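The values are calculated or read from the model by the stated rules, or taken from the named source; none is laboratory data. Keep in mind that this is a model prediction, so the values were computed, not measured. Glycine also receives a Cβ, built like all others from the backbone with ideal geometry; neighbour counts cover every protein chain displayed. With ligands, DNA and RNA removed, areas are computed over all heavy atoms of the protein, side chains included. Shrake-Rupley method; radii C 1.70, N 1.55, O 1.52, S 1.80 Å.
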Amino acid sequence: MAATTAASADLLGRVAIVTGASRGIGRAIAVHLHSLGAKLVINYTSSSTQAELLASDLNAKSAAASPVAVAVKADVSNPDDVRSLFDRAEEEFKTPAHILVNCAGVADPKYPALTDTAVEDWDAIFNVNARGAFLTCREAANRLAHGGGGRIVLISTSVVAAALPGYAAYASSKAAVEMMAKIVAKELKGSGITVNCVAPGPVATELFFAGKSEELVQRLVDACPMGRLGQPNDIAQIVGFLVSDAGEWVNGQVMRVNGGFII
C-alpha cells in the first residue's frame with residue numbers, strides 16, 4: 001500500500017529542528033515535516049549547498065509570505081553550536097522550537113572488527129552519535145515550547161538489536177542514545193515533552209552504501225521479509241507520526257523500523 005503524500009496541517013505553526021538534514025534520512029524527514037505544516041531549521045555540518053538548496057526549495061513551495069525553512073550550520077558535538085542552533089530557530093520564527101529530530105550521525109565505512117578499531121575512530125563516532133544526541137536532547141529538554149506538547153526524536157539503528165560484526169563502535173554509540181531516551185522521557189514527566197528513538201534497518205542512503213559491496217547489499221535485501229531496502233521516506237513517515245498530536249501516547253520507546261529485517 002503506497003503511503004499518502006498529500007500535504008496536511010498536522011504540524012501547522014510548529015517549528016522543527018532537524019539535524020543532519022541536508023541529505024539522506026534527515027532530508028526526507030525535513031521534507032515530510034514541511035508537508036505536515038512545520039517550519040524547518042535544516043541543520044548541516046559540511047553540506048552547505050545541499051542544505052541551502054533544500055531550504056530554498058521548501059520556501060519556494062510555500063504559500064507563506066515569510067520563509068518557512070532556514071539552513072543553519074552547527075556541529076552537534078559542540079555545545080556552543082547546539083545552543084546557537086536553538087537560538088537561531090527562535091530568531092527566525094519568533095518562537096521556541098516545538099520539535100527536535102536528531103538525525104546527525106557518522107559510521108566507519110571500513111566496518112572493522114573491534115580489535116582493528118582505532119581509538120580515534122571510536123572517539124569520532126561517539127563524539128557525533130552519542131555526545132551529539134546528548135547535547136541536542138539536553139538543549140531541547142530545556143528549551144522546547146512545552147505548552148504545545150514538545151517532541152524529541154533521536155535516530156538510532158536496528159544494528160543495536162542485530163549486533164552485526166563490524167559495527168561495535170557504531171552500534172555501541174547508538175545503544176547509549178536509546179538508553180538516554182528512555183531515561184529522559186521519565187525525567188521530563190509533567191512537561192508535555194515526549195522522547196523516542198526511531199531505529200532504522202538498512203536504508204538506501206549514501207551513509208548506508210559507503211564501503212559495502214553489491215553482494216553485501218543484496219544479502220541484506222534478501223534478509224528482509226519485504227524484499228527491499230528501506231527508503232528514507234519510510235523513516236520520515238514514522239517520525240512524522242511521533243511528532244504529531246497523534247503520537248502523544250508513544251513515549252520512551254525505541255521503534256525499530258526495518259521491514260522485519262530484525263526485531
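Of all the numbered requirements in (1) of a type outside the set (S, T, N, Q); (2) farther than 17 Å from residue 152 by Cβ; (3) open to solvent by 80 Å² or more (accessible area, probe 1.4 Å), residue 83 misses one, and that requirement is (2).
Contact map, the stretch 124-149: residues that are buried (at least 17 other Cβ atoms within 10 Å of the Cβ) and modelled with pLDDT of 95 or more paired with residues that are assigned to a helix (DSSP H, G or I) and charged (D, E, K, R), Cβ distance under 7 Å, separation 6+ or inter-chain. Pairs shown: 129/174; 139/83. Cβ separations smaller than 7 Å between residues 6+ apart or across chains give the following pairs from the stretch 51-68 residues that are without any contact (Cβ under 8 Å) to a residue 60 or more places away in the chain to residues that are open to solvent by 70 Å² or more (accessible area, probe 1.4 Å): 54/27; 59/67.
May I ask you to verify whether residue 132 is within 19 Å of the chain's Cα centre (by Cα), assigned to a loop (DSSP other than H, G, I, E, B) and small (Gly, Ala, Ser)? For residue 132, the condition - within 19 Å of the chain's Cα centre (by Cα), assigned to a loop (DSSP other than H, G, I, E, B) and small (Gly, Ala, Ser) - is not met. Here are 153, 217, 221, 177: which of them is farther than 15 Å from residue 25 by Cα and crowded, with 22+ Cβ neighbours inside 10 Å? When all the criteria are applied, what remains is 177. Looking only at the stretch 184-217, residues that are under 27 Å from residue 121 (Cβ atoms) and either touching a strand residue (DSSP E or B) at 6+ places or on another chain (Cβ under 6 Å) or not aromatic (Phe, Trp, Tyr) (or both) come to 19 in all. Taking the conditions (1) more than 17 Å from residue 136 (Cβ to Cβ); (2) without any contact (Cβ under 8 Å) to a residue 60 or more places away in the chain in turn, residue 44 satisfies each one other than (1). Any chance you could count how many residues in the stretch 62-80 are open to solvent by less than 60 Å² (accessible area, probe 1.4 Å), modelled with pLDDT of 95 or more and either farther than 17 Å from residue 27 by Cβ or touching a Pro at 6+ places or on another chain (Cβ under 8 Å) (or both)? Adding up the residues that qualify gives 4. Highlighted here are the strands (runs of 3 or more DSSP E) found entirely within the stretch 25-104 that include at least 1 residues which are of a type in the set (D, E, K, R) and farther than 23 Å from residue 173 by Cβ: 39-44. Taking the stretch 86-102 as the range and being closer than 27 Å to residue 199 by Cβ and open to solvent by 20 Å² or more (accessible area, probe 1.4 Å) as the test, only 98 passes.
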